[in-house]
1. Name, by its number, the condition in (1) at pLDDT 95 or above; (2) over 30 Å from residue A:10 (Cα atoms); (3) touching a Lys or Arg at 6+ places or on another chain (Cβ under 6 Å) that does not hold for residue B:31.
2. Output the number of the condition that residue A:9 fails; it satisfies all remaining conditions of (1) without any contact (Cβ under 8 Å) to a residue 60 or more places away in the chain; (2) more than 11 Å from DNA strand C (Cβ to nearest atom); (3) more than 30 Å from residue B:119 (Cβ to Cβ); (4) surrounded by 15 or more Cβ atoms within 10 Å (Cβ to Cβ).
3. What number goes with the only condition from (1) open to solvent by less than 50 Å² (accessible area, probe 1.4 Å); (2) facing chain B (nearest Cβ under 9 Å); (3) polar (S, T, N, Q) that residue A:88 does not pass?
4. Does residue A:54 meet the test of being in the same structural domain as residue A:24 (by TED's automatic domain parsing), within 11 Å of DNA strand C (Cβ to nearest atom) and modelled with pLDDT under 95?
5. Which is touching a residue at least 60 places away in the same chain (Cβ under 8 Å) and in contact with a strand residue (DSSP E or B) (Cβ under 6 Å, 6 or more places away or on another chain), of B:17, B:71?
6. Restricted to the stretch B:67-78, and to residues that are open to solvent by less than 80 Å² (accessible area, probe 1.4 Å) and within 14 Å of chain A (Cβ to nearest Cβ), which residue is farthest from DNA strand D (Cβ to nearest atom)?
7. Pick out the one residue from B:117, B:41 that is within 14 Å of chain A (Cβ to nearest Cβ) and not aliphatic (A, V, I, L, M).
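The values are calculated or read from the model by the stated rules, or taken from the named source; none is laboratory data. Remember, it's a predicted structure, so these values are computed and weren't measured experimentally. Note that we place each Cβ from the backbone using ideal geometry, even for glycine, and neighbour counts take in every protein chain shown. What goes into the accessible areas is simple: the full protein's heavy atoms, side chains included, and nothing from ligands, DNA or RNA. Shrake-Rupley method; radii C 1.70, N 1.55, O 1.52, S 1.80 Å.
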2 protein chains.
Amino acid sequence: MGKKKRIEVSEYELSVLGCLWHRGEATIREIADDVYGHPADAVQYATAQKLLERLEAKKCVRRDRRSHKHLFKALVAREELIDNSLDSLASKLCAGSLNTLFLRLAGKVKLTGEERDEIRRMIDDAD
Amino acid sequence: MGKKKRIEVSEYELSVLGCLWHRGEATIREIADDVYGHPADAVQYATAQKLLERLEAKKCVRRDRRSHKHLFKALVAREELIDNSLDSLASKLCAGSLNTLFLRLAGKVKLTGEERDEIRRMIDDAD
DNA sequence: GTGATTCTAAGTCACTGTGACTTAGATGTC
DNA sequence: GACATCTAAGTCACAGTGACTTAGAATCAC
């Protein structure tokens, strides 16, 4: 159940994941072109290759080797990364309390009427 | 007005800041003892010294050199770091939208009755 | 089939941030 | 004066990151 893995992703690794979230699955070529512009040059392609190798090692990405051009798929969702970052932020700066973080954020945020209604609904449900 | 500085603080730098937030102001000795245990040895003391030097360079800390034992004071508040981290998280993973982050957090958090009331109040005020 | 292209595999490299550590000399204490 | 404690100003090893290189396998164009 509880996979408590700390997910640590660098800036460019995140761009790669972003591309995978967008496309579902993709080859290195497609990813490199998306991240660096069309077409990515050989060095940029190699960088994307290295980033994917590291993401695979971290189990953030799955590599399908069946066809010659390997196909990559994200193994972590953006929401997972968000939750992870929130937990880590809470533990570093709010004594582990997501509630503190939430209340802080409540004061910063400018909600639309719709969003306010949604929050009200969520809160009322919790009662 | 808007100081948009990205504040980047390492794990141990944060412990040092934590000590300063707690004490108001402190010498290196006091900080080292707080962070590493009483009494901190010479190496730990030197590490604290280096951390403070770096925090000073980043303007996260102010050093008062008037007395022989320098006195340090935090220049950034914990809330500032929280806000900063939230902004940075939103921009990395939520297309810059704090609202998205807020709604996400709303689903994760288990609020007490009091906290729910507080949120309701904040939301109603915004109407 | 041959040659050119594109891919994978498996590295290296330079730069940076971080925390640990060292040493010299100034200041303070007894 | 002797000794402890402080500041100043470094160095050092290690890890993460993104850029880069090269060799060889698979594929494509002709």
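1. (3)
2. It fails just one condition, (1).
3. (2)
4. On the way: in the same structural domain as residue A:24 (by TED's automatic domain parsing): yes; within 11 Å of DNA strand C (Cβ to nearest atom): yes; modelled with pLDDT under 95: no.
No; evaluated as a whole, the condition is false for this residue.
5. Being touching a residue at least 60 places away in the same chain (Cβ under 8 Å) and in contact with a strand residue (DSSP E or B) (Cβ under 6 Å, 6 or more places away or on another chain) holds for just one of B:17, B:71, which is B:17.
6. B:77
7. Details: B:41 fails: within 14 Å of chain A (Cβ to nearest Cβ).
Answer to the check: B:117.
Table: residues versus (1) within 11 Å of DNA strand D (Cβ to nearest atom); (2) surrounded by fewer than 12 Cβ atoms within 10 Å (Cβ to Cβ).
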| position | (1), (2) |
| --- | --- |
| A:13 | yes, no |
| A:24 | no, yes |
| A:30 | no, no |
| A:35 | yes, no |
| A:41 | yes, yes |
| A:48 | yes, no |
| A:54 | yes, no |
| A:57 | yes, yes |
